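This report refers to the structure that appears directly beneath it.
The values are calculated or read from the model by the stated rules, or taken from the named source; none is laboratory data. Predicted, not measured: the structure shown is a model, and the values here were computed from it. Cβ atoms come from the backbone with ideal geometry, glycine included; neighbour counts cover every protein chain shown.
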Amino acid sequence: MNPQRLFKHLSTPRWWALRAFRRADLVAIAEAVTATETRHRGELRVAIEGPLPLRALWRDLPPRERAAQLFTQLGVDRTAEASGILIYVQLVDRRVEILADRGIAERVPQAEWDAICRGMESAFRAGQWREGALAAVARAGELLTTHFPAGDANPNELPDAPVVL
């Protein structure tokens, strides 16, 4: 257990951490996800989390492992073509993780997703929360359109609106 991290999460009210994304920002992100999913068979899911739950803090769960938990909890791992992508934003730790299901991971190298993460983190440091998230959705959409283009059947298997935890 990391005492500094524990204190930081316990002392940060959820509403304070989540103030970075206003309702209009969340709507814009949902609209961007909806628009990009018409061009590819991937399923994008955005999760934005303020302070971590106590259980995750106690285990000193790194952001990547927390993202893996949410990948399963949010059903990103249950798409028909294993085409789910989770963009996870951990506001208190100021980290972004992108996890791709096996169908996409076979085609798009992790380095591409890591570059998107670092770009989001850079935008967030500059206070450009909405812009950083929208740029990430757009870039993820470009990669998915290249490697997983839309076919005749392109069902929307996951909600497009970001989940705020």
Query raised in the report: What are the pairs, 6+ residues apart or on separate chains, where a residue within the range 37-51 that is in contact (Cβ under 8 Å) with a residue 40 or more places away in the chain has its Cβ under 7 Å from a residue that is crowded, with 22+ Cβ neighbours inside 10 Å and aromatic (Phe, Trp, Tyr)?
Result: 47/88
Report summary line: All conditions in (1) among the polar types (S, T, N, Q); (2) surrounded by 13 or more Cβ atoms within 10 Å (Cβ to Cβ); (3) over 19 Å from the mean Cα position of the chain (by Cα) are true of residue 2 except (2)
Report task. State which residue pairs qualify: first residue aromatic (Phe, Trp, Tyr) and inside the range 128-143, second residue surrounded by fewer than 20 Cβ atoms within 10 Å (Cβ to Cβ) and at pLDDT below 95 in any location, beta carbons under 8 Å apart, and separation of 6 or more residues or different chains. Result -> 129/20
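To keep it simple, each residue is scored yes or no on (1) modelled with pLDDT of 95 or more; (2) acidic (Asp, Glu); (3) closer than 21 Å to residue 149 by Cα.
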position: 33; (1), (2), (3): yes, no, yes
position: 42; (1), (2), (3): no, no, yes
position: 45; (1), (2), (3): yes, no, yes
position: 56; (1), (2), (3): no, no, no
position: 60; (1), (2), (3): no, yes, no
position: 84; (1), (2), (3): yes, no, yes
position: 104; (1), (2), (3): no, no, yes
position: 113; (1), (2), (3): yes, no, yes
position: 119; (1), (2), (3): yes, no, no
Report summary line: Looking across the range 136-162 at residues that are surrounded by fewer than 17 Cβ atoms within 10 Å (Cβ to Cβ) and of a type in the set (A, V, I, L, M, F, W, C), the single one that is farthest from residue 31 (Cα to Cα) is 153
**Report entry** Residues located in the range 22-49, provided they are surrounded by 15 or more Cβ atoms within 10 Å (Cβ to Cβ), out of contact with any strand residue (DSSP E or B) (no Cβ under 8 Å at 6 or more places or on another chain) and within 30 Å of residue 6 (Cα to Cα)
**Finding:** 25
Report task. Could you pull out the residue among 148, 71 that is under 30 Å from residue 10 (Cα atoms) and either in contact with a helix residue (DSSP H, G or I) (Cβ under 9 Å, 6 or more places away or on another chain) or without any contact (Cβ under 8 Å) to a residue 24 or more places away in the chain (or both)? Result -> 71
Requested in this report: For residue 32, state whether it is within 20 Å of residue 99 (Cα to Cα) and aliphatic (A, V, I, L, M).
Outcome: yes
